[in-house]
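Asker: Encoded as structure tokens, here's the structure I'll be asking about.
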Amino acid sequence: MTAASNSSVDVAIIGGGPAGLSAALALHQLGITNVVVLERETQAGGAPRHTEHLGYGIRDLHRVTTGQRYAAELRKRVNAAGITVRTATTAVDWLDDTTLQIADTTGLSTIAARCVVLATGVRERPRAARLVAGDRGAGIFTTGSLQQLTANHHQRPGKRAVIVGAEHVSFSAVLTLRHAGCDVIAMVTPLPRHQSYAALRVATATRHRVPIITGTNIAEIHGRKRVEAVTLTNGHRIECDTVVFTGDWIPDNELARRGDIDIDIASRSPIVDGSWRTNRRGVFAIGNLIHPAEPADICALDGRNVASAVAGWMATNNWPTDPLRIVVENPISWISPGAVQPRAAAALKHFTLRVSEPVADATICVTQNGTVLWRSRRPRRLVPNRSISISASWLTKVDPAGSDINVALNVSVAVEERLR
Amino acid sequence: MPEIYDVVVIGAGVVGTAVARLLSHQHLEVALLDAGPDIGAGTSKANTAILHTGFDATPGSIESRLVARGYALLNDYAPTAGIAIEPIGALLVAWDDEQAASLNTSAEKAVANGYLGASLIDAQSVYELEPQLASGARGAMVVPDEFIIDPWSTPLAFAKEAIANGVAWLPNHSVTKLDRSHDITVISTAEQHTLRARCVVNAAGLHSDDVHALFGLTGFTVRPRRGELIVFDKLARSLLAHTILPVPTSHTKGVLVAPTVFGNVMLGPTADDIDDKTATSSTRAGIDALLAKGQRILPALLHEEVTAVYAGLRAATQHSDYQISHDPTLGYVCLGGIRSTGLTASMALAEETLALLQQCGLVATPKAPDELRSIRVTNLGEAFERPYQRGSSGAIVCHCERTTRDEIVEACTVAPAATTLDGIRRRTRALSGRCQGFYCSAEVCALAANASGKPMTDWLGNQ
Ligand SMILES: Cc1cc2nc3c(=O)[nH]c(=O)nc-3n(C[C@H](O)[C@H](O)[C@H](O)COP(=O)(O)OP(=O)(O)OC[C@H]3O[C@@H](n4cnc5c(N)ncnc54)[C@H](O)[C@@H]3O)c2cc1C
Ligand SMILES: Cc1cc2nc3c(=O)[nH]c(=O)nc-3n(C[C@H](O)[C@H](O)[C@H](O)COP(=O)(O)OP(=O)(O)OC[C@H]3O[C@@H](n4cnc5c(N)ncnc54)[C@H](O)[C@@H]3O)c2cc1C
């Protein structure tokens with residue numbers, strides 16, 4: 001055992017997923033090379049490492065590849081650039097603003113950084129967090145645990161599965177189960193319809209249509225030793241030996257919260273401004289940690305974009321405080337970033353928001369003190385669990401001395417009349 | 001295997017393992033058996049993990065005496081064995097006039113139970129101690145000696161020590177028949193084993209009445225009382241400093257909010273009398289009732305994520321006290337109806353058992369100190385050093401609970417070894433954190449398969 005040694009760097013990036021690795025590469029290109037990426041797993045690459053199907057890399061690598069190949073490509077680039085990635089190393093706690101306590105195979109030590117970039121990602125809420133009653137037999141998974149089992153260990157999870165959720169990742173679970181030789185009996189969602197573009201593609205790829213049971217949720221799981229059936233809130237019982245809980249993302253925000261970083265009550269993500277700054281001096285947050293959950297390439301672009309903000313902070317030592325908050329109204333559930341610094345130039349091009357229920361023909365309105373800064377009509381239905389992107393062009397119109405920004409949906413008069 | 005055991009202990013919960021441990025300090029041939037594949041997998045795995053002072057027991061009862069004695073013994077033993085224990089204390093909070101009035105009764109009862117540490121405080125002092133508590137508290141009784149303890153490592157340490165000192169650990173031995181003749185009991189199991197013993201100890205928990213009946217004895221019937229519990233994320237731990245107890249009613253100790261030594265916060269238990277001794281499922285109604293209670297006690301708790309929901313079954317009987325008896329002609333000691341304080345009382349129950357066995361004619365000569373082997377379990381408590389902090393225990397595998405590779409390998413290889421993922425959970429905390437295996441379940445299974453030589457499908461519970 002070598003004694004754990006303390007070190008200091010310019011930038012410590014916490015999390016070696018698409019966001020963290022991309023941030024390291026972009027910093028390197030800006031000439032900031034005294035960077036370390038801390039990754040608690042024994043291999044960097046993040047969540048994509050476990051996905052064998054296509055759907056990664058379009059926006060950053062400009063090609064479509066599998067999750068595993070995508071992660072490998074990012075690792076290759078980081079290696080080629082000579083960036084230090086410390087695997088099997090967990091950021092455990094904060095010792096001061098930007099000094100971290102870390103744990104690796106030699107025990108505890110510290111890393112003093114001038115700047116910290118949090119890129120710790122998201123996970124799916126497991127069964128207990130969703131308060132699903134019943135027995136606790138074997139055969140209950142999240143997509144994440146399922147994919148590791150099949151992709152890394154080639155195990156067959158079961159024979160007949162019910163999938164809870166019908167968003168993008170749920171269809172990823174369908175592909176994984178099919179590939180592993182497990183039938184998918186049904187997908188269950190409390191929403192009125194599925195929430196994925198991928199549904200059709202998956203149906204084509206598997207030559208099977210999976211029945212999607214909408215407007216109901218899972219109520220209880222039966223089976224003491226092994227799952228035998230589930231009951232739905234509509235009273236129906238489905239015989240199955242496997243249940244996969246998909247989506248319902250929760251950011252891995254433990255380190256952020258231990259650092260007293262402000263958290264959005266709906267998304268549970270750290271609140272950042274247009275330059276990915278948190279309220280903790282010298283600490284940025286990127287990737288799915290701040291928008292649960294987007295595709296990997298979007299997270300990678302966060303990583304690219306944060307680099308100039310990091311460089312700016314290192315050059316000026318200026319950390320603006322008291323940003324204007326962006327307040328959302330129902331049925332918008334959250335917006336990311338959730339704050340803006342009107343005086344500072346932001347690299348940000350888009351905001352991302354989500355709705356909690358489907359909305360047809362809405363106008364998205366950004367206002368401050370009752371003045372409309374921006375609005376945009378969305379004739380297509382806005383769907384929960386699917387990202388809605390809005391331009392950041394209105395940032396220049398924000399009154400720095402004004403109140404918080406408000407974002408709301410106005411349902412068009414025509415629709416309201418039709419509904420009546 | 002000896003021809004005839006001196007003592008066979010039926011049931012490897014916290015009570016049976018404590019008995020086996022104490023017997024292992026004597027020159028005796030002892031076997032510890034359980035119907036299941038693991039120790040501590042019955043009621044002992046699902047409780048609120050409080051080391052009770054016994055302040056609210058029925059004065060003069062066997063339970064009152066054994067809880068007080070067990071408290072002292074376990075409080076001394078835990079640190080020597082590496083079992084995490086935290087001296088946080090409890091507040092018995094009154095929420096209305098009636099409860100406020102009965103705090104005096106509780107204080108008198110504590111004294112009658114021989115517990116002199118309790119004191120009454122007013123509402124203002126309650127909020128000074130627990131600022132996050134819901135409004136409306138009228139006052140409280142402070143019980144500084146109600147501690148929290150690691151409930152899984154306790155039976156594990158007992159069993160490990162028993163095995164280290166020569167006790168035979170026999171899992172998957174479900175006792176179905178007891179025949180006594182010529183001062184020997186023949187024990188038969190559902191798995192077709194036959195054992196012979198001079199004495200038998202019934203520590204079968206929920207099935208203590210069934211085992212009692214195998215000798216044709218009656219006197220008590222176990223009717224399970226289900227207790228559902230919700231465990232909240234570790235980020236909730238900073239919300240409170242003490243265990244928050246309700247003013248007890250005759251039926252149950254009521255719903256409490258308690259920190260755990262693992263750094264979580266627990267809300268529960270409910271109390272429902274049911275008929276099925278295996279019904280450890282959680283219910284919608286139970287979950288909803290607990291959340292409503294939680295909202296009234298510590299509202300901020302409900303903003304935190306839930307890590308686990310589970311249920312335990314108390315071995316309640318028609319009597320309020322423990323059902324302890326012995327029969328010299330049968331060479332038999334019964335430890336029945338150890339309902340809601342068995343973790344605390346376990347080591348005192350062991351002392352009691354040894355004395356009763358001696359009354360049954362068992363000759364027990366203590367081993368010399370240098371003949372005894374001591375053991376330690378891996379600390380799982382947040383208040384003490386854990387392997388990942390020390391290093392050289394391999395990489396962290398379970399990130400939520402920071403369990404290292406070597407801990408998982410040890411859990412699967414050192415007797416009494418885990419044979420299920422639940423067994424690994426209880427020995428290492430792996431898989432029992434906030435992500436419930438999202439990140440590491442496949443890895444833990446693979447490590448377990450590798451260490452045990454048993455294929456991954458077995459660990460996954462696949463048919
Ligand atoms: C089942 C599934 C299917 C998906 N399918 C697709 C798809 O088809 N296409 C697509 O584009 N995207 C898909 N995604 C989403 C994609 O994986 C994520 O968008 C992407 O991985 C997010 O990148 P990130 O860097 O923000 O977080 P992550 O990839 O989650 O990386 C975070 C990293 O931080 C590490 N970490 C966390 N805390 C600490 C700490 N304290 N110390 C050190 N390290 C830490 C973690 O170990 C992890 O490696 C899918 C995701 C899942 C789970
Ligand atoms: C919700 C709840 C909260 C509680 N909170 C606390 C607390 O905070 N503090 C405290 O001190 N106590 C508490 N308790 C009580 C404590 O958990 C129990 O008293 C204790 O676990 C009982 O242990 P045991 O060994 O008697 O039973 P068990 O742990 O149930 O062990 C009995 C064993 O016998 C085996 N068995 C049964 N029949 C046979 C057979 N025929 N052949 C072979 N083996 C057999 C079973 O498989 C089982 O493993 C609580 C209990 C519950 C349910």
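The values are calculated or read from the model by the stated rules, or taken from the named source; none is laboratory data. Being a predicted model, the structure only gives us computed values, none of them experimental. FYI the Cβ positions are ideal-geometry reconstructions off the backbone, even for glycines, and counts take in every protein chain you see. For accessibility, only protein heavy atoms count, side chains too; no ligands or nucleic acids. Shrake-Rupley method; radii C 1.70, N 1.55, O 1.52, S 1.80 Å.
Asker: Taking a quarter of the surface of the convex hull around the Cα atoms of segment B:387-460, what do you get in nm²?
Answerer: The directionally averaged projection comes out at 4.3 nm².
Asker: Provide a list, ordered by number, of residues in segment A:96-117 showing at least 40 Å² less accessible area with every protein chain present than when their chain is taken on its own, using a 1.4 Å probe.
Answerer: A:105, A:108
Asker: Which lysines does residue B:109 reach when only Cα atoms under 23 Å apart count, and residues fewer than 8 places away in its own chain are ignored?
Answerer: Output for residue B:109: B:253.
Asker: Give me the accessible area of residue A:50, 1.4 Å probe, in Å² rounded to the nearest 10.
Answerer: The accessible area of residue A:50 comes to roughly 20 Å².
Asker: Accessible area per residue of segment B:387-460 at 1.4 Å probe, in Å²?
Answerer: Per-residue value: 31 Å².
Asker: At 37 °C and 0.692 mPa s, what whole-number value in µm²/s does Stokes-Einstein give for the translational diffusion of segment A:243-377, with Rh from the Kirkwood sum over Cα pairs?
Answerer: 206
Asker: If the reach is capped at under 19 angstrom between alpha carbons, list the aspartates and glutamates near residue A:397, excluding any in the same chain fewer than eight residues apart.
Answerer: A:273, A:322
Asker: Compute the length gained on full extension between residue B:241 and residue B:458: take 0.36 nm times their separation in residues and subtract their Cα-Cα distance, giving the result in nm to one decimal.
Answerer: 74.0 nm
Asker: What dipole magnitude, in Debye to the nearest 20, does the protein assembly as shown give about its Cα centre under +1 on Lys/Arg Cβ and -1 on Asp/Glu Cβ?
Answerer: The calculated dipole for the protein assembly as shown is roughly 3220 debye.
Asker: Another question, then. Considering protein heavy atoms only and a 1.4 Å probe radius, which residues within segment B:405-441 exhibit an accessible-area decrease of no less than 10 Å² in the full assembly relative to the chain by itself?
Answerer: Residues shielded by partner chains are B:434, B:435, B:436, B:438, B:439, B:441.
Asker: State in Å² the accessible area per residue of chain A; use a 1.4 Å probe, count heavy atoms of protein chains only, and round to the nearest integer.
Answerer: 41
Asker: Follow-up. For a test of the definition: using alpha carbon positions, the gyration tensor, and the 1.5 limit on a/c, classify chain B as rounded, prolate or oblate.
Answerer: oblate
Asker: Relative to the Cα centre, what is the charge dipole magnitude of segment B:387-460, using +1 at the beta carbon of each Lys and Arg, -1 at the beta carbon of each Asp and Glu, and rounding to the nearest 20 debye?
Answerer: 200
Asker: Continuing with the same structure: If you average the sequence gap of Cα pairs under 8 Å that are 6 or more apart and divide by the length of chain A, what percent do you get for the contact order?
Answerer: Here the relative contact order equals 15 percent.
Asker: Holding the Cα-Cα limit at 28 Å, pick out from B:234/B:293; A:76/B:234; B:160/B:367; B:45/B:234 the pairs that are longer than that.
Answerer: A:76/B:234
Asker: At a probe radius of 1.4 Å, what is the per-residue accessible area of residue B:401, in Å² to the nearest 10?
Answerer: Looks like 10 Å² after rounding.
Asker: Going toward the positive end of the dipole of segment A:1-127, with +1 on Lys and Arg Cβ and -1 on Asp and Glu Cβ, which of A:112, A:74, A:56 do you reach last?
Answerer: Working it through, the farthest residue towards the positive pole turns out to be A:56.
Asker: Hey, got the dipole for chain A? About the Cα centre, +1 on K and R Cβ, -1 on D and E Cβ, debye to the nearest 20?
Answerer: 1180
Asker: Can you give me the % of accessible surface on chain A that is carbon or sulfur? Probe 1.4 Å, all protein chains present, nothing else counted.
Answerer: Working: 8320 of 17270 Å².
Accessible surface attributable to carbon and sulfur in chain A totals 48 percent.
Asker: List the accessible area buried at the contact between B and A, summed over both sides and calculated with a 1.4 Å probe, in Å² to the nearest 100.
Answerer: So the total buried area for this chain pair works out to about 3900 Å².
Asker: Using Cα positions and a limit of under 19 Å, work out the lysines in reach of residue B:177, with same-chain residues fewer than 8 apart set aside.
Answerer: none
Asker: Sticking with this one: Take every DSSP beta bridge whose two residues both sit in the protein assembly as shown, then give the antiparallel share in percent to the nearest 5.
Answerer: That works out to approximately 65 percent antiparallel.
Asker: Let a ≥ b ≥ c be the square roots of the eigenvalues of the Cα gyration tensor of the protein assembly as shown; is it rounded (a/c under 1.5), or, if not, prolate (a/b larger than b/c) or oblate?
Answerer: Prolate.
Asker: First measure r as the distance between the Cβ atoms of residue B:320 and residue B:124, then evaluate 1/(1 + (r/R0)^6) with R0 = 35 Å and state the FRET efficiency to the nearest 0.05.
Answerer: Computed FRET efficiency for residue B:320 and residue B:124 comes out at 0.45.
Asker: Have a look at B:416, B:391, B:460 and report the one farthest towards the positive end of the charge dipole of segment B:387-460, computed about the Cα centre with Cβ charges (Lys/Arg +1, Asp/Glu -1).
Answerer: It is B:391, whose Cα lies furthest towards the positive end.
Asker: Normalised by the empirical 2.2 N^0.38 Å for globular proteins, what value does the Cα Rg of segment B:232-367 take?
Answerer: Rg over 2.2 N^0.38 Å, computed on Cα atoms: 1.36.
Asker: Within segment B:387-460, what whole-number % of the accessible surface is contributed by carbon and sulfur, with the 1.4 Å probe and all protein chains included in the calculation?
Answerer: 47
Asker: Among B:110, B:61, B:186, whose Cα sits farthest toward the positive end of the charge dipole of segment B:30-186 (+1 at Cβ of Lys/Arg, -1 at Cβ of Asp/Glu, about the Cα centre)?
Answerer: It is B:186, whose Cα lies furthest towards the positive end.
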